[in-house]
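S.K.: Sending over a structure as C-alpha cells; questions will come in a sec.
Nothing in this text is a laboratory measurement; each read-out follows from the coordinates by a stated rule. Only a predicted model underlies this, so the values are computations on that prediction, with no experimental measurement involved. We place every Cβ from the backbone using ideal geometry, glycine too, and count neighbours over all the protein chains shown.
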Amino acid sequence: MHPMTVPEPADRELDITGELCPMTFVRTRLALDRMQPGQTLLVRLRGAEPLENVPRAAAELGHAVLALDTGADGVSRLLLRRGA
C-alpha cells in the first residue's frame, strides 16, 4: 500500500497511539461497529505492528482503507470507511 495523504475530516476519530496489539484493532473494530455504513473513521496509531495489522484486519472485515500517512512525529493516520 502506498502512503496517501488523509484528505478530509472524518465522521469520528480514534486515538490508539498508546495501545498495543491486539487491542489496537479491538478498539478500532468497536468504533467501526458503532458507526453507520459509509461513515469514516480516522484512526491515529503508532508502531510497525499496528500499522501493518489494523488496515489489513479492517479490509478483511469489509471496510475500505481510504488513506494512510505517517507524520514526522511517528504517528500514523489511517482513514477507514465503514462497510455494509
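S.K.: Return the residue satisfying two criteria in turn: it lies in segment 20-37 and is β-branched (Val, Ile, Thr) and without any contact (Cβ under 8 Å) to a residue 40 or more places away in the chain, and of such residues it is nearest to PRO55 (Cα to Cα).
M.R.: Just the residues of segment 20-37 that are β-branched (Val, Ile, Thr), to begin with: 24, 26, 28.
Those still in the list that are without any contact (Cβ under 8 Å) to a residue 40 or more places away in the chain too: 24, 26.
Details: THR24: 11, VAL26: 12 Å.
Going through the qualifying residues, I end up with THR24.
S.K.: Can you pull out the residues in segment 28-84 that are touching a helix residue (DSSP H, G or I) at 6+ places or on another chain (Cβ under 7 Å) and of a type in the set (S, T, N, Q)?
M.R.: THR28, ASN53, SER76 - these are the residues of segment 28-84 that are touching a helix residue (DSSP H, G or I) at 6+ places or on another chain (Cβ under 7 Å) and of a type in the set (S, T, N, Q).
S.K.: Please count how many residues of segment 70-84 are within 13 Å of the chain's Cα centre (by Cα) and over 17 Å from ARG12 (Cα atoms).
M.R.: So the answer is 2.
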